[in-house]
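The values are calculated or read from the model by the stated rules, or taken from the named source; none is laboratory data. In this text, all values refer to a predicted model and were calculated from it rather than measured experimentally. All Cβ positions, even for glycine, are placed from backbone atoms using ideal geometry, and neighbour counts span all protein chains on display. Surface areas here come from the heavy atoms of the whole protein model, side chains and all, with no ligands, DNA or RNA. Shrake-Rupley method; radii C 1.70, N 1.55, O 1.52, S 1.80 Å.
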Amino acid sequence: MDNCVFCKIRKGEIPGTILYKDEDFMIIKNIAPSSKVHLLAIPTEHAPFIADISEKSAELLGKMMSKISHMQEELGLTNGYRLIINQGEDAGQTVSHIHIHIMGGEKLAEF
Ligand code: 5GP
Ligand code: ZN
């Protein structure tokens, strides 16, 4: 999608710190972290909401979580991490391209 920051980062059109990239998804550093380690796992397919994604991408969300767990130490998340997907206005979603927040590197607030 032309106007999407995550699609632009993937294509190298704007800068971004990419920690992992394959044909299906990438993991980048959040430009405005809310925790010591705050990364974003972003599927290649541009879809705003889980409700919009193809069956292949639905399976991919599971694969992404598996990859994150395998990269746990490498990503600086040795003691654990939190995964969050914001969907829509009430959740405060600001970028309309599905992404998983990966947060950790410190003790996170309970909720
Ligand atoms: P949302 O609020 O949609 O769940 O999360 C969007 C996240 O993307 C925010 O945490 C925000 O800091 C991050 N973000 C927005 N624009 C950029 C950008 O240009 N580069 C990177 N690396 N992160 C971004
Ligand atoms: Zn996009």
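Cβ separations smaller than 9 Å between residues 6+ apart or across chains give the following pairs from segment 27-52 residues that are within 25 Å of Asp2 (Cβ to Cβ) to residues that are open to solvent by 80 Å² or more (accessible area, probe 1.4 Å) and among the acidic types (Asp, Glu): Thr44/Glu23. For segment 53-76, the condition holds for at least one residue, the condition being that it is on the phi > 0 side of the Ramachandran plot and not charged (D, E, K, R). Checked across segment 72-79, the condition of being modelled with pLDDT of 95 or more and small (Gly, Ala, Ser) holds for at least one residue. Taking the conditions (1) within 18 Å of Asn86 (Cβ to Cβ); (2) more than 12 Å from ligand 2 (Cβ to nearest atom); (3) open to solvent by 50 Å² or more (accessible area, probe 1.4 Å) in turn, Leu39 satisfies each one other than (3).
Of the residues making up segment 67-98, just one is outside any loop (DSSP other than H, G, I, E, B) and open to solvent by less than 40 Å² (accessible area, probe 1.4 Å), namely Ile68.
Any residue at all in segment 46-57 that's more than 15 Å from the chain's Cα centre (by Cα) and at pLDDT 95 or above? Among the residues of segment 46-57, not one is more than 15 Å from the chain's Cα centre (by Cα) and at pLDDT 95 or above, which makes the answer no.
Taking residues in segment 1-21 that are under 25 Å from His70 (Cα atoms), and partners anywhere that are open to solvent by 60 Å² or more (accessible area, probe 1.4 Å), the pairs with Cβ atoms closer than 7 Å and at least 6 places apart or on different chains are Cys7/Met1; Thr17/Lys29; Leu19/Lys29.
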